[in-house]
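Novice: Right, I'll just put the structure down here and ask away after.
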Amino acid sequence: VSLTEVPELHVDGGLPGFPGATRFALVRWGGDDSPFSLLRSLDDPDLSFVVVPPAVFFPHYEPEIDDEVAEELDLQSAEEALLLVIVTLGATASEATANLLGPVVVNQRTLAALQTVLSTGGHGTRVPLVA
Amino acid sequence: VLVLTRRANQSIMIGPDVVVTVLEVRGDQVRIGVDAPRSVAVHREEVFRELEQANKAAASPGDDALQALQGLRPPTRDT
């Protein structure tokens, strides 16, 4: 999926902490050259998350997606998977952090998505976007 | 809290399709197998709580915070 479209993602069971939010619009945010997008809940209009493909800020981040996740999302090839990490904003841009422990995996073919937990790599939930 | 005593290789069922099996007991560690439908997410509790906290902290950023993020781009890297 090109991120210029507005895909509707389905997250079975919601995200941890937000079990009722199962449908999200993924929309570009911040202008043409912005790497960021917004995950906007279609169940709760006040709920949104800033997300970014991790490769933009973390080129060496290569999470291993469990077979169970691939199976649950019916991923048939690695290319079908779109990886996003949730960004926690701070008062200034340099305080922004990303959750590398729990990336969101999207099947670009079916638009099913889930937030997984990486069992390897020792990643944290608050990793600064910029050092 | 329901308390059940189980030995290694014995299981309990939660509902009709979740089976939790004690695989091995060694000292203060217990290995547990969980057989559940794909729609049932299984997490270590402390990890799930950490994700909950992280998601709550990240949820619905205010306009000021979004404004601050607006110009953030990755550092230029040497290739």
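The values are calculated or read from the model by the stated rules, or taken from the named source; none is laboratory data. Source: prediction; values computed, not measured. In this analysis, Cβ positions are derived from the backbone assuming ideal geometry, glycine residues included, and neighbour counts consider all displayed protein chains. For accessibility, only protein heavy atoms count, side chains too; no ligands or nucleic acids. Shrake-Rupley method; radii C 1.70, N 1.55, O 1.52, S 1.80 Å.
Novice: Report yes if some residue within region A:101-122 is in contact with a strand residue (DSSP E or B) (Cβ under 9 Å, 6 or more places away or on another chain), among the basic types (Lys, Arg) and not in a helix (DSSP H, G or I); otherwise report no.
Specialist: Checking region A:101-122: not a single residue is in contact with a strand residue (DSSP E or B) (Cβ under 9 Å, 6 or more places away or on another chain), among the basic types (Lys, Arg) and not in a helix (DSSP H, G or I).
Novice: On to the next question. Give the residues of region B:46-66 that are at the interface with chain A (Cβ under 7 Å from one of its Cβ atoms), open to solvent by 50 Å² or more (accessible area, probe 1.4 Å) and under 13 Å from the mean Cα position of the chain (by Cα), sorted by residue number.
Specialist: Scanning region B:46-66 gives B:Phe48, B:Glu50.
Novice: For region A:13-49, which positions are touching a residue at least 40 places away in the same chain (Cβ under 8 Å) and touching a helix residue (DSSP H, G or I) at 6+ places or on another chain (Cβ under 8 Å)?
Specialist: The answer is A:Leu15, A:Pro16, A:Phe36.
Novice: Here's a follow-up. Kindly check whether there is at least one residue in region A:103-125 that is open to solvent by less than 10 Å² (accessible area, probe 1.4 Å), at the interface with another protein chain (Cβ under 9 Å from one of its Cβ atoms) and either hydrophobic (A, V, I, L, M, F, W, C) or within 17 Å of B:Ala59 (Cβ to Cβ) (or both).
Specialist: Taking every residue of region A:103-125 in turn, none turns out to be open to solvent by less than 10 Å² (accessible area, probe 1.4 Å), at the interface with another protein chain (Cβ under 9 Å from one of its Cβ atoms) and either hydrophobic (A, V, I, L, M, F, W, C) or within 17 Å of B:Ala59 (Cβ to Cβ) (or both).
Novice: Which ones in region A:90-100 are within 17 Å of A:Phe58 (Cβ to Cβ) and not in a strand (DSSP E or B)?
Specialist: Result: A:Ala93, A:Ser94, A:Glu95, A:Ala96, A:Asn99, A:Leu100.
Novice: Shifting gears a bit: Assuming B:Ile32 fulfils every condition listed in (1) facing chain A (nearest Cβ under 7 Å); (2) open to solvent by 60 Å² or more (accessible area, probe 1.4 Å) apart from one, which condition is it?
Specialist: (1)
Novice: I've got another one for you. Report every pair of residues separated by at least 6 positions or lying on different chains whose Cβ atoms are under 9 Å apart, first residue within region B:21-36 and closer than 22 Å to A:Glu71 by Cβ, second outside any strand (DSSP E or B) and open to solvent by 80 Å² or more (accessible area, probe 1.4 Å).
Specialist: Listed pairs, sorted by first residue: B:Thr21/B:Arg6; B:Thr21/B:Asn9; B:Leu23/B:Asn9; B:Val34/B:Val42; B:Asp35/B:Asp17; B:Ala36/B:Asp17; B:Ala36/B:Val42.
Novice: So how many residues does region A:11-20 have that are under 14 Å from the mean Cα position of the chain (by Cα) and either at the interface with chain B (Cβ under 8 Å from one of its Cβ atoms) or farther than 12 Å from A:Ala113 by Cα (or both)?
Specialist: Summing the residues that are under 14 Å from the mean Cα position of the chain (by Cα) and either at the interface with chain B (Cβ under 8 Å from one of its Cβ atoms) or farther than 12 Å from A:Ala113 by Cα (or both) in region A:11-20 gives 2.
Novice: Same structure, new question: Taking region A:65-89 as the search range and keeping residues that are part of a helix (DSSP H, G or I) and more than 12 Å from every other protein chain (Cβ to nearest Cβ), which one is most open to solvent (accessible area, probe 1.4 Å)?
Specialist: Among those residues, the one meeting the criterion is A:Glu79.
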